[in-house]
């Protein structure tokens, strides 16, 4: 049975790796005020950043999809890892040696599947790098040198060589404790007639890393004429490698992409190397597949998906390059960023361009870009004979729907005018009206489709089979957020979680019943169960979250701990006092209202002791309320 990771080691890992350092490996973070950071959520598509990170609290929360938690929760969700795999990865980054209980220390057997596969790739990458110095790899070193890459460049990108024998890497990894099942599952080996053999043999090897910098696959380039395989052979789909969700060079380019608000998409591994060495360090490439939606999601998070950012595609000027550019244009509307294209001269790719004309030519190529939309329109229009009315009409029929798909109405109008010029149609307004009509029809079809879905499918003969009701997602009681009492209760709870020093020990004397919103009352109970604000220390928030009875309340605790306070300046004791007084005063008023109702139900002529007691309590509370209004926090 797999050993359980020691609790003290888990706590050490949580404390050792700052959450902002981890999250910034996956998305660009910007200042959100109050010591918090924000970015585009990696868990759902959004146009404006609602994903907040609190480095001081070690927590994150998305106010769009309600995902939240600490560093461990983030890694588990974003990379689909188990708890143990996440702790092992973070421990490796922090240099912490983990201890395993219930079976002793045997990490080789106890690590999760993903951790094992990543470790196998890490070892394989170093094995290939070491092999590049061997006599057999002379052909690989010559290949690199002919393309302008010296030993330093190869080391920087981790380029290696796979020996031409059948099972060199397989035997090496077996010696490091990996099973045949793990080697096959990783894609590093494949089934042979007598057992596993190396998948990559006699090839130049490029490690493919995910955005966090871990090797998850390889790209292998053919070197010899007697190699009957494809020119480039990539790792197959595995539990850790999906080609539609990785970008070669993203680990090296992500900081430059975020800093410069620009990503440059090239076609191959050597093109990425050439661009980086030429100073274009935001270059990345897909891995044996066309640029698609999975790649877009990676870039959107790094670019913050704002209109001031840019994605530049570089393609060869040949027919294949133009076809690739048009495929990229199909995804254009999924970016808020501007998309452009840079066509390499003379059919050269960036690697060949650097070799022929130097580093500056590569940089100039990127700067000579043109809007991708304009390029796509020109390519489409060029298919028709614009010298004839029939040709212009056919070109308009094909191009107008593309312009109509532009969501931004002002850009759509300008593009329609541009299309009229490309077609040589003098009546510009005719083209504008045609595009507008197509856009309106598309919107109406979309509404009709939504209405059809809402009304259900067309009736069939006979009864519809009963469909089991989907279980509702757990959610807390509804909140009337327009209620001033609820708003101030929320603000006070945020202070208790974010700045407990400002409200302690007064807050701890507040009863759960003073929080009229049911979810807030539960959070108040969690704070009490965690020892209260007076006992707040480094582990306070963790204890509060652990005290939550379910995930819904735990999510609310995280949300309140990350949400900015409603003050333009740093919160102080005066601000905290205002919130404390407001909550107490609301509770006093509510109790006074209850007493008034009870008094109306009593007959004062009976001389009931209960009636007298209620009158006395009401008098005391009214005096207390008056004191709170006049003296503020000093009356608490």
For the range 65-82, which positions are assigned to a loop (DSSP other than H, G, I, E, B) and either crowded, with 16+ Cβ neighbours inside 10 Å or at positive phi (or both)? 66, 67, 80, 81
Is one or more of the residues making up the range 198-210 exposed (fewer than 14 other Cβ atoms within 10 Å of the Cβ) and modelled with pLDDT under 95? no
Residue tally, condition over 19 Å from residue 53 (Cα atoms) and either buried (at least 16 other Cβ atoms within 10 Å of the Cβ) or assigned by TED's automatic domain parsing to the domain that holds residue 54 (or both), over the range 553-577: 3
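Conditions (1) within 34 Å of the chain's Cα centre (by Cα); (2) more than 24 Å from residue 89 (Cα to Cα); (3) in contact (Cβ under 8 Å) with a residue 24 or more places away in the chain, marked per residue:
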| residue | (1), (2), (3) |
| --- | --- |
| 193 | no, yes, no |
| 205 | yes, yes, yes |
| 209 | yes, no, yes |
| 213 | yes, no, yes |
| 220 | yes, yes, yes |
| 228 | no, yes, no |
| 232 | yes, yes, yes |
Selected residue (only one of 226, 251 is surrounded by fewer than 23 Cβ atoms within 10 Å (Cβ to Cβ) and farther than 28 Å from residue 369 by Cα): 226
Within the range 516-532, how many residues are at negative phi and modelled with pLDDT of 90 or more? 11
Taking the options 394, 442, name whichever one is part of a helix (DSSP H, G or I), modelled with pLDDT under 90 and outside the structural domain of residue 144 (by TED's automatic domain parsing). 442
Taking the range 402-429 on its own, how many of its residues are in contact (Cβ under 8 Å) with a residue 40 or more places away in the chain and not in a loop (DSSP other than H, G, I, E, B)? 5
Residue check: is residue 265 farther than 24 Å from residue 118 by Cβ and in contact with a helix residue (DSSP H, G or I) (Cβ under 6 Å, 6 or more places away or on another chain)? no
Please give the number of the condition residue 44 fails out of (1) under 19 Å from residue 258 (Cα atoms); (2) without any contact (Cβ under 8 Å) to a residue 60 or more places away in the chain; (3) part of a loop (DSSP other than H, G, I, E, B). (1)
Residues that are in contact with a strand residue (DSSP E or B) (Cβ under 8 Å, 6 or more places away or on another chain), modelled with pLDDT under 85, part of a strand (DSSP E or B) and under 29 Å from residue 187 (Cβ atoms): does the range 89-107 have at least one? yes
Has the range 206-216 got at least one residue that is in contact with a helix residue (DSSP H, G or I) (Cβ under 8 Å, 6 or more places away or on another chain) and assigned to a helix (DSSP H, G or I)? no
When restricted to 287, 275, the only residue crowded, with 16+ Cβ neighbours inside 10 Å, assigned by TED's automatic domain parsing to the domain that holds residue 348 and part of a loop (DSSP other than H, G, I, E, B) is 287
Criterion first (modelled with pLDDT under 90, exposed (fewer than 11 other Cβ atoms within 10 Å of the Cβ), closer than 27 Å to residue 512 by Cβ and in contact with a helix residue (DSSP H, G or I) (Cβ under 9 Å, 6 or more places away or on another chain)) does residue 598 satisfy it? no
Can you confirm whether residue 165 is buried (at least 21 other Cβ atoms within 10 Å of the Cβ) and out of contact with any helix residue (DSSP H, G or I) (no Cβ under 8 Å at 6 or more places or on another chain)? no
Out of curiosity, is residue 16 modelled with pLDDT of 85 or more, surrounded by fewer than 19 Cβ atoms within 10 Å (Cβ to Cβ), more than 18 Å from the chain's Cα centre (by Cα) and over 27 Å from residue 115 (Cα atoms)? no
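The values are calculated or read from the model by the stated rules, or taken from the named source; none is laboratory data. Everything numeric in this text was worked out from a predicted model, so none of it was measured. We place every Cβ from the backbone using ideal geometry, glycine too, and count neighbours over all the protein chains shown.
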